[in-house]
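Below is one structure, written out as structure tokens; the observations come after it.
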Amino acid sequence: MNLLLASGRPINNIGTNPADTIASGYGASYLLVPRGSVGTTDWKFSTDLAFTYRPKWGKDRLTVNLDIFNILNGDAVTEVVETSQDSAGGVDRRYGLPSSFQTPRYVRFSVGFDY
């Protein structure tokens, strides 16, 4: 069993300065407020389980594994859109929307044989 509890990462508010004609040509971005002062993403909690089976008739050469990741199927937001302005300095309506989530529950089955 593996347990993971991780705090969310800081969220930024990134914009552009269209008045800076030299820098804006290179896609210059600026922090509109102090770094990480907008809040944080969700806490991430995950429980993983692993099962291993070695049959006696396999003479320790055969191994069957079953791994279940994120068994409680947590769906924490791990990243959000941090750009609040588009390249022209206008409002980006996607700001603050989730852009990445915790990986959903999945299962891995494997068989190993030592020869």
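The values are calculated or read from the model by the stated rules, or taken from the named source; none is laboratory data. These numbers come from a predicted model, not from an experiment. As a convention, Cβ positions derive from the backbone with ideal geometry for all residues, glycine included, and neighbour counts pool all protein chains shown.
Mind checking which residues of the range 75-115 are farther than 16 Å from Lys44 by Cβ, of a type in the set (A, V, I, L, M, F, W, C) and part of a loop (DSSP other than H, G, I, E, B)?
Selection gives Val81, Ala88, Leu97.
Report, by residue number, each residue of the range 40-63 that is farther than 13 Å from Leu3 by Cα and either of a type in the set (Asp, Glu) or exposed (fewer than 11 other Cβ atoms within 10 Å of the Cβ) (or both).
Residues satisfying the conditions are Asp42, Phe51, Lys56, Trp57, Lys59, Asp60.
Those residues that are under 28 Å from the mean Cα position of the chain (by Cα) and assigned to a loop (DSSP other than H, G, I, E, B), I need them from the range 47-74; list them, please.
Asn70, Ile71, Leu72, Asn73, Gly74
For Leu97, only one of the following conditions fails: (1) farther than 14 Å from Val38 by Cβ; (2) within 18 Å of the chain's Cα centre (by Cα). What is its number?
(1)
Just checking, does the range 20-30 include any residue being at positive phi and modelled with pLDDT under 90?
We begin by selecting, within the range 20-30, every residue at positive phi; these are 27.
Narrowing further to those that are modelled with pLDDT under 90: 27.
Yes, the range 20-30 has at least one match.
Note down all Cβ pairs under 6 Å where the first residue falls in the range 43-65 and is of a type in the set (Gly, Ala, Ser), the second is surrounded by 14 or more Cβ atoms within 10 Å (Cβ to Cβ), and they're at least six residues apart or on different chains.
Ser46/Asn70; Ser46/Gly74; Ala50/Asp67
What are the pairs with Cβ atoms under 6 angstrom where one residue, in the range 82-96, is surrounded by fewer than 17 Cβ atoms within 10 Å (Cβ to Cβ) and the other, located anywhere, is of a type in the set (Val, Ile, Thr) and outside any loop (DSSP other than H, G, I, E, B)? Sequence gap at least six, or different chains.
Thr83/Ile14; Gly96/Val80
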